[in-house]
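One structure is given here, and the rest of the page talks about it.
The values are calculated or read from the model by the stated rules, or taken from the named source; none is laboratory data. Predicted, not measured: the structure shown is a model, and the values here were computed from it. Counting neighbours? That spans all protein chains shown, and the Cβs are built from the backbone with ideal geometry, glycine included.
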């Protein structure tokens, strides 16, 4: 398979995940965030979005998780903005996964 086809396939899988995350939160907002996020992900997401070091003990709703991802990916937090869109979720997920990578690096170095 050509490198281009593999790259298109990989981007398609990522795009489907982002669309699923965005629209599941709109259709079933009360589902727990553990449906699409691992424990380390939703805890770090909460801390990053709320600028705190204390993560919650229990998972929150998927709608709240997508709002937090939107906060990471977008410049505004106005209540009238509506739910975050696919581009904002994409940008927020990039930041979240970058934070997870840094956390793993600091854990490896023994600094966390």
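Restricting attention to region 49-83, the residues that are within 19 Å of residue 22 (Cα to Cα) and either buried (at least 19 other Cβ atoms within 10 Å of the Cβ) or at pLDDT 90 or above (or both) add up to 16.
Evaluation of residue 60 against the conditions (1) under 17 Å from residue 103 (Cβ atoms); (2) touching a strand residue (DSSP E or B) at 6+ places or on another chain (Cβ under 9 Å) shows that the sole unmet condition is (1). Residue pairs whose Cβ atoms lie under 6 Å apart, separated by 6 or more positions or on different chains, with the first residue in region 45-59 and free of Cβ contacts under 8 Å to residues at least 12 places away in the same chain and the second surrounded by 10 or more Cβ atoms within 10 Å (Cβ to Cβ) and in a loop (DSSP other than H, G, I, E, B), are 47/55. Across region 17-31, the number of residues qualifying as in contact with a helix residue (DSSP H, G or I) (Cβ under 7 Å, 6 or more places away or on another chain) and not in a loop (DSSP other than H, G, I, E, B) comes to 6. For region 93-111, the set of residues classified as over 16 Å from residue 38 (Cβ atoms) and either touching a helix residue (DSSP H, G or I) at 6+ places or on another chain (Cβ under 8 Å) or in contact (Cβ under 8 Å) with a residue 12 or more places away in the chain (or both) consists of 94, 95, listed by residue number.
Candidates 4, 34: the one that is surrounded by 14 or more Cβ atoms within 10 Å (Cβ to Cβ) and either in contact with a helix residue (DSSP H, G or I) (Cβ under 7 Å, 6 or more places away or on another chain) or not in a loop (DSSP other than H, G, I, E, B) (or both) is 34. Condition (residue is buried (at least 19 other Cβ atoms within 10 Å of the Cβ) and not in a helix (DSSP H, G or I)) applied to region 90-102: is it met by at least one residue? The answer is no; no qualifying residue exists.
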